[in-house]
Amino acid sequence: MNTVPVMQQPIPQRIGEVSGHREWSTGLFGCFSDCGSCIMTYLCLPCMECKNASRLNECCLLPYCCPGSNVAMRARLRTLGGIRGSILGDICVNIIYLCF
């Protein structure tokens, strides 16, 4: 059995930037445009976080079992929806929500 040494390694290819083609449909505090979700979030935040995780096909306990999972879920939603943004922006929004 002969083995042939590899003389030249393959060059890694850059995947490129993942950039969306649209903006979020509501602003940072646009939750008031959907009163049902706004009231549900106010009255039972764990229920809303569970609902959001389930809508992304994740375990509904994800927000409570994994610190930082809200940022990951927002990034996933943004990527799936073709929404412009960055991980840094997702982190900043999460911090703003935690302050209120």
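Sort out which residues of region 52-72 are over 17 Å from T26 (Cβ atoms) and either of a type in the set (A, V, I, L, M) or surrounded by fewer than 13 Cβ atoms within 10 Å (Cβ to Cβ) (or both), and write them in order of number.
The answer is A53, S54, L56, N57, L61, L62, C65, P67, G68, V71, A72.
Do any residues in region 33-50 that are loosely packed, with under 14 Cβ neighbours inside 10 Å have Cβ atoms under 8 Å from those of residues that are assigned to a helix (DSSP H, G or I), where the two are at least six apart or on different chains, and which pairs are they?
P46/P63; P46/Y64; C47/M40
Of the conditions (1) in contact with a Pro (Cβ under 7 Å, 6 or more places away or on another chain); (2) outside any helix (DSSP H, G or I), N70 fails just one. Which one is it?
Every condition holds for N70 apart from (2).
In region 6-37, what residues are modelled with pLDDT under 85 and farther than 21 Å from A75 by Cβ?
V6, M7, Q8, Q9, P10, I11, P12, Q13, F32, S33, D34
Checking the condition among the aliphatic types (A, V, I, L, M), surrounded by fewer than 12 Cβ atoms within 10 Å (Cβ to Cβ) and part of a helix (DSSP H, G or I), which residue from L28, L88, L77 passes? First the steps, then the outcome.
Values: L28 fails: part of a helix (DSSP H, G or I); L77 fails: surrounded by fewer than 12 Cβ atoms within 10 Å (Cβ to Cβ).
Going through L28, L88, L77 in turn, the sole match is L88.
The values are calculated or read from the model by the stated rules, or taken from the named source; none is laboratory data. Every value quoted in this text rests on a predicted model; they were computed, and no experiment measured them. Cβ: placed from backbone, ideal geometry, glycine included. Neighbour counts: every protein chain shown.
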